[in-house]
């Protein structure tokens, strides 16, 4: 009998993580084109960290930060793709009852909602810290959901078999995420959350801890899904594993940036944007019924 995993839905059901068939597709090969950017971005961040001067010596010619550009790019490449992931996950969960899919959808919803709110809010006077706080905290919440879903998938978590319970749980989960993110937004705007970024000083230890934890958890979840991907030779899992890895690298770039808009900052942002594209490819594969 072939390998099975109860947390992975049946192949005919729309969703991200199809259940592997008894016989693995012998013709499946990972896309090297998709994998190459991961080490390339790590290398670019390393090189820039070596050659760029310190923050005090960094000239204006090495900074590019037009108003609203960051918000537009994050909306297109992170928020929209995350909302698509959340929708497909919700639809799949109501059909299969896989708790893993509900967690993946909750992660995407948290990441997408805080990104779109935080990046736009940061453009308003006096709201830079609030915007950064919202985005970074949302990333941490998303990373926790991702690593939990990866862990449950690896341990054959059971599925909810009662359709009525599925609807209630999905509503509770998604409304809980949105309510929590709304509370985070209001608390950040009112200054109730300790600062993540101080003008003229830079990022605070709290932000370093939050972003570092997020990057580490995204990396761990990437490894978990990567192991499943190569065990089951799943195209969907492959792109999801790469998306999580690119997101982790993008977050790590924050530690090495000299100033907003410097080459390291943009390298990290582009890594996250590419991660968003990979999430979209995974969703497209799920919709088309690929494995």
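Of note:
- Residues of the range 94-116 that are surrounded by fewer than 23 Cβ atoms within 10 Å (Cβ to Cβ) and part of a helix (DSSP H, G or I): 94, 95, 99, 116.
- Which numbered condition residue 228 fails, given (1) touching a residue at least 12 places away in the same chain (Cβ under 8 Å); (2) within 24 Å of residue 135 (Cβ to Cβ): (2)
- Residue 76 modelled with pLDDT of 55 or more and out of contact with any helix residue (DSSP H, G or I) (no Cβ under 7 Å at 6 or more places or on another chain): yes
- For the range 43-65, residues that are out of contact with any helix residue (DSSP H, G or I) (no Cβ under 9 Å at 6 or more places or on another chain), at pLDDT 90 or above and part of a loop (DSSP other than H, G, I, E, B) total 0.
- Hits in the range 119-128 (condition: in contact (Cβ under 8 Å) with a residue 60 or more places away in the chain and in contact with a helix residue (DSSP H, G or I) (Cβ under 8 Å, 6 or more places away or on another chain)): 121, 127
- Under the condition of being under 18 Å from residue 65 (Cβ atoms) and surrounded by 20 or more Cβ atoms within 10 Å (Cβ to Cβ), the residues counted in the range 225-256 number 3.
- Lone qualifier among 70, 129, 123 - being touching a strand residue (DSSP E or B) at 6+ places or on another chain (Cβ under 8 Å) and either more than 29 Å from residue 153 (Cβ to Cβ) or surrounded by fewer than 24 Cβ atoms within 10 Å (Cβ to Cβ) (or both): 129
- Close Cβ contacts (under 8 Å, 6 or more residues apart or on different chains) running from residues in the range 193-205 that are over 12 Å from residue 136 (Cβ atoms) to residues that are part of a loop (DSSP other than H, G, I, E, B) and at pLDDT below 90 comprise 202/55.
- The single residue among 112, 105, 118 that is under 15 Å from residue 272 (Cα atoms) and either out of contact with any strand residue (DSSP E or B) (no Cβ under 9 Å at 6 or more places or on another chain) or at pLDDT 90 or above (or both) turns out to be 112.
- Count - residues of the range 257-291 that are free of Cβ contacts under 8 Å to residues at least 24 places away in the same chain, surrounded by fewer than 21 Cβ atoms within 10 Å (Cβ to Cβ) and outside any helix (DSSP H, G or I): 1
The values are calculated or read from the model by the stated rules, or taken from the named source; none is laboratory data. These numbers were taken from a predicted model, which means no experiment stands behind them. With ideal geometry, Cβ positions are generated from the backbone for all residues, glycine too; neighbour counts draw on all protein chains shown.
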